[in-house]
1. Of all DSSP beta bridges in the chain, what percent run antiparallel (nearest 5)?
2. Multiplying the sequence separation of R146 and L210 by 0.36 nm and subtracting their Cα-Cα distance, what value in nm do you get?
3. Per-residue HN-Hα couplings for segment 259-267, Karplus 6.51 cos²θ - 1.76 cosθ + 1.60 at θ = phi - 60°, whole Hz, x for Gly and Pro?
4. Give the carbon-plus-sulfur fraction of the accessible surface of segment 308-397 in %, rounded to a whole number; probe 1.4 Å, heavy atoms of protein chains only.
5. Quote to one decimal, in nm, the extra length available between I46 and E431 on full extension: 0.36 nm per residue of separation minus the C-alpha distance between them.
6. Treating the angle as unsigned and between 0 and 90°, give the value, to the nearest 10°, between the Cα long axis of helix 201-215 and the longest Cα principal axis of the chain.
7. Mind checking the dipole of segment 613-668: about its Cα centre, +1 per Lys or Arg Cβ, -1 per Asp or Glu Cβ, Debye to the nearest 20?
8. Nearest 10 degrees, 0 to 90: what angle lies between the long axis of helix 404-420 and the longest principal axis of the chain (Cα atoms)?
Amino acid sequence: MSKKKNKNPAISDNLTRSTAYIWKSRLSWRIIGAVFFTILFVQVAILILTIKQEENKLLAEIRETGRSAIASVINPRVGAFQSPISDISANRVLGSTIVNGFSVYSTDYLLLKSYGEAATITMMDRDGLSKTYRSDNGGSYEVVFRPDDLRKSYIVVARLNSEKVGDLVLEYVKETMIIMLLLSLFVTTVLMIALGHWLLEPILFMRDNLILARQNPENPKIPKSPYANTDEIGATIEMAQTLINQNAENMQQVRSAAEDKIHKLAYFDQLTGLPNRTLFAQKLTEAAFTEDASKAKKFAIVTLDLDHFKDINDSMGHSVGDAILRGVAKRLRSKIDAEAVVARAGEDEFAVTMPLNDEFKTANDLGAYVANLIRDKEFVVYNESFQVRSSIGVATFPDDGEDPNTVLKNADIALNRAKEEGRDRICEYTEDFDRAVQQRFKMLRDLRDALENDDLTVFFQPQFDLKSGKIIGAEALIRWFKKDKSKAGGSYISPAEFIPIAEQSGLIVPIGDWVLKEACKTAKGWHDKGQEIRIAVNVSGAQFYQSNLVKNTQEVIKAFDIRPNLIELEVTESVFMDDISIAVDTLKGLHELGVELAIDDFGTGYSSLAYLRQFNIDRLKIDQSFIRNALNNPDDAAITRTIISLGHSLNLQVIAEGVETKDHETFLLAEGCDEVQGFRYCKPIPKDEFWQFVTDYNGSLDSFDNE
Ligand code: C2E
Ligand code: MG
Ligand code: MG
């Protein structure tokens, strides 16, 4: 592993650390252990093999010493059968050398004489000539010197002192062991340094790289590799670094793609590709405030809402609705100045803004232009033509607000006004709108307080059987006694004024719950006093869809322990228009509870025979406007007549409300109407007064003739 020169201090610092790591790394220690013990093992094996040689060498030395000592004292000039060594010479040899004893034989193996310690080996024949013998304790070593060894014609068996051989061998082992140990250490160290340098350091460097990559995969600050890619490790590091960098790049790309997507989702409408409300407000702010003060441009802000778009969506399906929205977007974008910002501001709401110019001198001009763009040409979807109209609100920046967002909000207020005024029109923002909105907000706050502070009450208006004159029911009508500083301490506010606000804000749900409870409580009270008077409670659309009306009604009826048919729920036809299947289900659930059901203000909505048959209702309540005019408007009389016969054909009871005069009553009696309610008999009155009315009533409708 060759290292490229690296002058980067961070990297060399890194490497110093790597070197330090080497001595801490487990792998290093494993390699050290393996290398050290392998070398040691090999050396010990060699030692074991050489011990014998060493011993043999020492014994050979002893043998040679013994041989030369004995050979030197042999005197060959003696007679046959005589020892060639004199006793004096023999004693000298025995006393001063390692020879402890010896026997001299003739070449015929005849023992001539023995000296000193007796040897174990005896020469009987030629077979013993090469024998040696070592005593068990190693103290003596017996050898045979042949005539060749002695260069004399005698054979000598000598017993030599070999006591020191053991110690010398031990000494040899010790010395060798120390040398081996040192050698092992040296080899291991050298190997480690080499391995550390070529293998461990790069591996640790790569590990550090991977750690950095894991910590910050998108932007791993990995140092440049100091290792050349000419060997396996260097090439591996290079590959790992390439992968890390590729991964980082991929992640960056994925992130920036995701950011783009989020940006698109956050600022653009997916269906039309137009900017959404957020981006619209941003662009408007940018355009309005980056303008050079000297140019001081004014901006028109136009918001538009497609009229009855929901009906198209519901009746023709969402794909048609979507196609129309795309068509509107395309038309607006292509026909309005490129300088303008066109946005989709809500489901079927669009917004346009551009600086006023010679063509559009006022915001209203732009509004009118936009309205015509939508209205003038039909939208064709799947070969069907759709005539689309729009309600438009316009406002001008900076005349109608200090900041673009306020102006946009004011254009929305104007748009709402255009919708309230019957749609298909342009409404320009004026401050009065704002005031009206503020007043509505205030009323909502006050209403919320009124609900909490028990300032709401329920009045009751009697309902009669037209033929018998019997009181058969009462309608519960909410009243809000709004306290003020006047003499009377306050005044009643008409539900017509506050119910729509309560409906828009959702406050109608708790209010409706409360009215239902009051009605049940009252019905129970009257029942206990001996009168069964059914109480009709008005239920608004919001209650129908927002709260669990069936469950709630069941609980309240159960809580007050009243017969379910003492309660009647009145709903208007408009409620059924929102979602017919929910309406059918809810009415079915209520019917199963046993409560009575009536359709209020019948005849004013989208009266349709088709749905009447599906609903489990008991009663149609003819709207008071028909009754009011029945006597002087033949149309209203005809409608009244039709509703009565329609109701009867469906086996429903028909009640007329708003009966104010004897003539109304006579007309209704003649047409076969079943029940009546109106000022002719009694206005809505508080609970106690109602009870008084019931007690005082003589049972005949004629008793009201003189009133
Ligand atoms: P509605 O349910 O059609 O109630 C009948 C309205 O006609 C009542 O007005 C009643 O006072 C009035 N009225 C009765 N007889 C005559 C008459 O002979 N001539 C005239 N000119 N008017 C008569 P009110 O109490 O002002 O209620 C107005 C509307 O407010 C109600 O119309 C109903 O839609 C709503 N409302 C009242 N109380 C509640 C309630 O508790 N919940 C809900 N959701 N709506 C309620
Ligand atoms: Mg009613
Ligand atoms: Mg009504």
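1. Numbers: 61 of 88 bridges.
If we restrict to bridges inside the chain, about 70 percent are antiparallel.
2. Values: separation 64, 0.36 × 64 = 23.04 nm, distance 7.92 nm.
Roughly 15.1 nm would be gained on extension.
3. Running phi through 6.51 cos²θ - 1.76 cosθ + 1.60 with θ = phi - 60° gives 4, 4, 5, 4, 4, 5, 5, 6, 10 Hz.
4. Carbon and sulfur: 47 percent of the exposed surface of segment 308-397.
5. Details: separation 385, 0.36 × 385 = 138.60 nm, distance 11.04 nm.
That pair, I46 and E431, stretches by 127.6 nm at full extension.
6. 10
7. Working: 6 positive and 8 negative charges, 44 e Å.
Computed charge dipole of segment 613-668: roughly 220 debye.
8. Between helix and principal axis, roughly 40 degrees.
The values are calculated or read from the model by the stated rules, or taken from the named source; none is laboratory data. All values reported here derive from a predicted model rather than from experimental measurement. Because the Cβ atoms are built from the backbone with ideal geometry, glycine has one as well, and the counts that use them run over all protein chains shown. These area figures cover heavy atoms from the full protein model, side chains too; ligands, DNA and RNA do not enter into them. Shrake-Rupley method; radii C 1.70, N 1.55, O 1.52, S 1.80 Å.
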